[in-house]
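The values are calculated or read from the model by the stated rules, or taken from the named source; none is laboratory data. Computed from a prediction, not measured in an experiment: that's the story for all the values here. Cβ: placed from backbone, ideal geometry, glycine included. Neighbour counts: every protein chain shown.
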């Protein structure tokens, strides 16, 4: 029996470190040919990994010429070395949450792991919040943490990456899943850049975590 499908939360929330610029070359071009020329001029094609990832995305899936398109494309082209839960290291995806609280908890978890790994007592970082509307129907594995423990493994992404990349390869939009870090929270991963629409920048936050505590402090910044 195939997995059920469901629409993504609307809106879906994503946090991005403020050190990454919100506007880039994908926002400013009008055609795919222009984009290729600008990428070459700006040296993007000198980055082997980025160039390979662009090549893995069919032209019709490139997002450009609309507000925050660079933010969307960056999620697919700049990937953690080992990948993430439902994508391998070869191509990224757009991860988001059904609530801002869940997005903060997810970010805080990874910040705490970084603090522990770098022997810091605490870690603070500023983030920009974005909302987006995610088109398409998503493979829905919510409520299946017991039956599909391999996909929800808190320490290994081997099974979940294989599952996620199979969804991508089949042409699927992505996956709806329960948050592993925030009880009752819901996350979504979108595997197609073109489905990430109406991306709007919201508030800025400073998030602080402690290596020896599960507490996460999120302060909304003004001005």
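Worth pointing out:
- In the range 146-173, the qualifying residues are those that are more than 18 Å from the chain's Cα centre (by Cα) and surrounded by 14 or more Cβ atoms within 10 Å (Cβ to Cβ), and the one that is nearest to residue 192 (Cα to Cα) is 159.
- Test result for residue 138, over 22 Å from residue 89 (Cβ atoms), in contact (Cβ under 8 Å) with a residue 60 or more places away in the chain, in a strand (DSSP E or B) and touching a helix residue (DSSP H, G or I) at 6+ places or on another chain (Cβ under 7 Å): no
- Residue tally, condition out of contact with any helix residue (DSSP H, G or I) (no Cβ under 7 Å at 6 or more places or on another chain), farther than 20 Å from residue 130 by Cβ and assigned to a helix (DSSP H, G or I), over the range 51-94: 4
- So residue 176, is it surrounded by 15 or more Cβ atoms within 10 Å (Cβ to Cβ) and touching a strand residue (DSSP E or B) at 6+ places or on another chain (Cβ under 7 Å): yes
- Checked against the criterion of being under 23 Å from residue 77 (Cβ atoms), crowded, with 18+ Cβ neighbours inside 10 Å and within 20 Å of the chain's Cα centre (by Cα), the range 205-223 has no qualifying residue.
- Residue within the range 17-27 that is over 20 Å from residue 136 (Cα atoms), at pLDDT 75 or above and part of a helix (DSSP H, G or I) present: no
- For residue 78, the conditions (1) more than 30 Å from residue 219 (Cβ to Cβ); (2) modelled with pLDDT under 90 are fulfilled apart from (1).
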